[in-house]
Amino acid sequence: MTALLELEDVEARYGPVHVLHGISLAVEEGSVVAVLGPNGAGKTTTLRAVSGTVRRAGRIRFAGRALDRLGPAAVARLGVAHVPEGRGTFSELTVWENLRLGGYTRRGSIQPELERVFTYFPWLSERRRQQAGTLSGGEQQMLALARAFVHRPRLLLLDEPSLGLAPVLVAELFRIVRELNEDEGLTVLVVEQNAHLALQAADAGYVLEAGRVALAGTSAELRADDSVRRSYLGY
Amino acid sequence: MVAAATSRLESLCSRTAVPATSLLLLAGATGLLVGSLRSSIFAQLTVQGLALGSVYGSLALALVLVYRATHVVNFAQGELAMATTYVAWQLIQWGLSYWEAFAVTLAIAFVLGTVLQVVLIRPVQHRSVIAAVIVTVGLFILIDGVVDWVWGSALKFMPSPFGTKTYDVGGVSISRLYPGMFLVVLASVLLVWALFRFTKLGLAMRAAALRPAESALVGVRVDWMLAIGWGLAAVLGAVAGLMAEPSQFVLQPTLMQPILVYAFAAAVLGGLESPAGAVIGGLAIGVSLTLVVQYVHPITSDLQTPVAFAVLVGVLLLKPSGLFGQREVRRV
Amino acid sequence: MRHRLPELGSLLAVAVLLSVLPFTLSDYNISLVAQVGIFFVAVLGLNILTGYTGQISIGHGAFMAIGGYTTAVMSRDHDTNLVVTMLMAFAICFVVGLLVGLPALRLSGVYLALATFALAVSVPQLPLKWSKFLGGSGGVQSHRTVTHLWLYGAAWIASAILFALAWLILRGRIGRAFRAARDSEIAAVASGIELPIYKTLAFGISAAYAGVAGALFVMGTNGFAQPSEFGVFLSLQLLVGAAVAGLGSLWGILAGAAFVGLLPTVSGSVPVIGSAHGRNVVFGAAVILVMLLLPEGFAGLLTRLRRLARA
């Protein structure tokens, strides 16, 4: 198996503030990889470096192509869907329009994708005319995920999907992600505060600290690691 | 959660506000109808006012499209429309028929608007309100200069697009010009509306204007969408210019300057972010200016722009979000 | 204190230069430099508003019109001394500026730009309506006219006095309040600054300056006040001048005034485009280029150059 996504020595900063100091990581095709770490470690910025929503330097390769000079729209067109923290739904538009935008890069009809998405989120079908901003927080998170599925990405970047969600919904969300991964081979890079949950769903993980990779390994290895247990799993 | 709650509140507010506005509009329309049935001069003025108002509305819509897309008020929008009208005049001189020239002009306007956004506006878009305003002001002066340089300031005359016949409706004779203007503008506005409402491109343009960052993440080329938005605005402006010309019977470099003020007033009246509001605002301004000048004695046609100015300031002071504006976020 | 010395030096240099110039220039060129002086006054005033309180105005041509008509009408009806009419223009425009400044309090950014633009278009319409008093489209002819040299002296003496006045106003409490209003309204209110008073005051002062400039402007057009002279274009010129000037340095305002005072006239002689017809091509293109290349105006350029020189 070759890596679908490879980061080599990636740096990023917001204005004068350096956030990433040389991150290297790899995501195998068909795997789910979790990024863990404390607040401010650079987890979100790592995803943003991939999708091109932050200024970055270093080498980023996706499916054999260099991403490090591309802007977000070009990256999205290559088949990367980024569900940002805080959902990023178009709250002024309807549910249907949000989904339609998810399939923006696809030519022709998105009917098959829509039907597939409605099997996971049946309620979306009934509420397609509703304004997205009037959905609850959890529903908007689901909509953001559904929109990413309509995109039919090769790589899904998920940022803090559990933020502000009820535990039942979080479990449901991770179940769906896992299911898509198993059924359709969707590759996922997920940033998650809830390390327990993330390592359950993921095949491998990276632990970031202060903009560097502090630890890397399979989920089992990380779960067994003492420092990870103490800092992130809490036992 | 808070965001969801506020947006819910907003939608509730707008749901209760809309009936009030539509009642107002209904009352206005009824007044016009009753007046028209009782007086043929009133009827003629109403038709004329609606036609002029549609021109103001079209230019106002152009301003709103630009404002929504790039948060820039394009002070050169009127001059751009004036310049494209000169282009049409030139095309007719070269032997095209009126409507051929009309179509070619719209295409040129689209390209012009797009290019201007890419070359001039993109560099200052994120800088400051003043910088963007001044670039459009510079554009205003530049376009004025180019038109003066190429065509001079002598008056030009164009053939009438609708002929000189008049209709007779229940004893009221109405020049073909006004319904013609109204229908052409209405058709263009509806086409633009349909583009935004029903096509994937239109959806992407709306998304890019509303949330550029999120739009890029789904693969929308935001910069291009904003440029196309400027192009469409230039097309609407060109329609406004072309339809304003026959109502003034001559073409001169100052063609659109008063109309720009009426369009500003219309856009503000409708809410600077509301496309429908801009069109309805334009119609309202057109009809009321025409009627006020006729029936309110101290106000003569010399006072039309001051009256529009008063409307503009009045709306800004009393209801800054306009009749159809939904939210007014004031960043301090 | 140390950083004030070069400022004093440049003041002196400008003063010496301006008093020598009339002896070396032709009559026509004297009128051009006088024109720059007139714009200096107006741009200085507008700069107080946009630069120090952050309020935008595309309507200051309207105040120039009011000032200009004040001079012309007073001269026509009472043969008032022209210097006195300038003081009247200052006073009347100060009051009108305060009145316009009041509603402007509730507007900001783009909305204020729209409202003031509409003001600029509207005011020149008023003489058409009250044509008996204001002369209609034909305009008002002052009773007296002045020589180019007289105008030169008047414009630059007025500039000097008003520059000193601006300096006095801006260095103290009022200046601090203006800046606070621009930088953060919330902080300004929190620190007990009466924002509405100061913002309105800024509008009044800048309008008064424009009024004086308008009075001088009318003297420069052979004492003739005409609606077409005070069109939108004049307001646009002033705003451009203030933007080119950048934030409040003497050199910046001189540059801004020269830019809008000279360029439209001089660019008529640019080859190829040439002719009076094409002059706005050059002027408009210059405005756009300056905005794209000098984001902080001429004053910003100076700061950058100084930083370069020091490094």
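The values are calculated or read from the model by the stated rules, or taken from the named source; none is laboratory data. None of these values were measured; they are calculated from a predicted model. Positions of Cβ are generated from backbone atoms using ideal geometry, with glycine treated the same way; all protein chains shown enter the neighbour counts. Just the protein is used for accessible areas: all its heavy atoms, side chains included, with ligands, DNA and RNA removed. Shrake-Rupley method; radii C 1.70, N 1.55, O 1.52, S 1.80 Å.
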- Query: What's the FRET efficiency of A:Asn39 with B:Ala103 using the Cβ-Cβ distance as r and R₀ = 35 Å, to the nearest 0.05?
  - Reply: 0.05
- Item | Spin-label pair B:Thr21/A:Ser231, simplified geometry with 7 Å Cα→Cβ offset, distance in nm | 5.3
- Take the Cα of C:Ile161, step 7 Å along the line toward its Cβ, and report every residue of region C:46-85 whose backbone nitrogen sits under 12 Å from that point. C:82-85
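Relative contact order of chain A, please, whole-number percent, based on alpha carbon pairs below 8 angstrom and at least 6 residues apart. List each step's numbers first, then the result.
Numbers: 448 pairs, mean separation 62.9, N = 235.
Computed over chain A, the figure is 27 percent.
Rank by packing, highest mean first: peptides A:145-157, A:21-33, B:70-82, C:164-176, with packing defined as the count of other Cβ atoms within 10 Å averaged across residues.
Working: A:145-157: 23.5, A:21-33: 18.8, B:70-82: 26.2, C:164-176: 14.5.
Descending mean neighbour count gives B:70-82, A:145-157, A:21-33, C:164-176.
About the Cα centre of region B:53-255, how large is the charge dipole given +1 on each Lys and Arg Cβ and -1 on each Asp and Glu Cβ? Please answer in debye to the nearest 20.
The calculation lands at about 540 debye.
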- Computed magnitude of the charge dipole of the protein assembly as shown (debye, nearest 20; Cβ of K, R +1, Cβ of D, E -1): 700
- Item | Size-normalised alpha-carbon gyration radius of chain C, reference 2.2 N^0.38 Å | 0.98
- Query: Along the principal axes of its C-alpha atoms, what lengths does region A:135-235 span, in descending order and rounded to whole Å?
  - Reply: 39, 27, 25
- Item | Peptide B:204-217 - average C-beta neighbours from other chains (10 Å radius) | 6
- Task: Just tell me how shielded C:237-244 is by partners: mean number of partner chain Cβ atoms within 10 Å of each residue's Cβ, no decimals.
- Result: 3
- When the Karplus curve 6.51 cos²θ - 1.76 cosθ + 1.60 is applied with θ = phi - 60°, which whole-Hz ³J(HN,Hα) does each residue of region A:167-178 get, with x for Gly and Pro? x, 4, 5, 4, 4, 4, 5, 5, 4, 5, 4, 4
- Query: What residue among A:Gly88, A:Phe118, A:Gln131 has its Cα farthest toward the positive end of the dipole of region A:80-152, where the charges are +1 on Lys, Arg and -1 on Asp, Glu, each on the Cβ?
  - Reply: A:Phe118
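Using 1/(1 + (r/R0)^6) with R0 = 60 angstrom and r between the beta carbons of B:Ala194 and C:Leu289, what's the FRET efficiency to the nearest 0.05? Intermediate results must be reported in sequence, preceding the final value.
Values: r = 39 Å, r/R0 = 0.65.
Result of the calculation: an efficiency of 0.95.
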- Query: Taking C:Lys199 as the anchor, which aspartates and glutamates have their alpha carbon closer than 19 Å to its alpha carbon, excluding any fewer than eight residues away along the same chain?
  - Reply: C:Asp183, C:Glu185
- Rounded to the nearest 5, the percent of DSSP beta bridges in the protein assembly as shown running antiparallel is 65
- Query: How much of the DSSP beta bridge set in chain A is antiparallel, as a percent to the nearest 5?
  - Reply: 60
- Helical contribution to [θ] at 222 nm, DSSP H n ≥ 4, -39,500 (n - 2.57), averaged over chain A, rounded to 500: -10000 deg cm²/dmol
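Across peptide B:256-265, what mean number of C-beta atoms from other chains lies inside 10 Å of a residue's C-beta?
Working: counts 0, 4, 3, 0, 4, 8, 2, 0, 6, 2.
Mean inter-chain Cβ contacts per residue within 10 Å come to 3.
So if R0 is 60 Å, what FRET efficiency would C:Arg306 and B:Leu318 give, r being the distance between their Cβ atoms, rounded to the nearest 0.05? Intermediate values should be presented prior to the final figure.
Details: r = 48 Å, r/R0 = 0.80.
Approximately 0.80, to the nearest 0.05.
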- Max mean-square fluctuation residue, GNM over chain C, Cα-Cα springs under 10 Å, options C:Val20, C:Val43, C:Val240: C:Val20
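What net charge is computed for the residues neighbouring B:Val192, neighbours being all others with C-beta under 14 Å from the C-beta of B:Val192, Lys and Arg scored +1, Asp and Glu -1?
Numbers: positive: B:Arg68, B:Arg197, B:Arg206; negative: none.
The answer is +3.
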- Message: In region A:111-151, whose amide N lies under 15 Å from the spot 7 Å out along Cα-to-Cβ of A:Ala166? List them in ranges.
- Response: A:136-142
- In degrees, nearest 10, range 0 to 90: what is the angle between the Cα axis of helix A:137-150 and the longest Cα principal axis of chain A? 90
- Message: Quick check: pseudo-label points 7 Å beyond the Cα along Cα→Cβ at A:Ala220 and B:Arg176, how many nm apart are they?
- Response: 8.6
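Which value, in square angstrom to the nearest 100, describes the accessible area buried between chains B and C on both sides, using a 1.4 angstrom probe?
Working: alone 17180 and 15340 Å², together 28360 Å².
The buried area between B and C, both sides summed, comes to about 4200 Å².
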- Message: Can you show me the helix-derived [θ] at 222 nm for chain C, built from DSSP H runs with n ≥ 4 at -39,500 (n - 2.57) apiece and divided by the number of residues, rounded to the nearest 500.
- Response: -24500 deg cm²/dmol
- Under a 5 Å amide H to amide H cut-off, with H placed in plane at 1.01 Å, what residues pair with C:Ser142 once short-range neighbours are removed? C:Phe224, C:Ala225
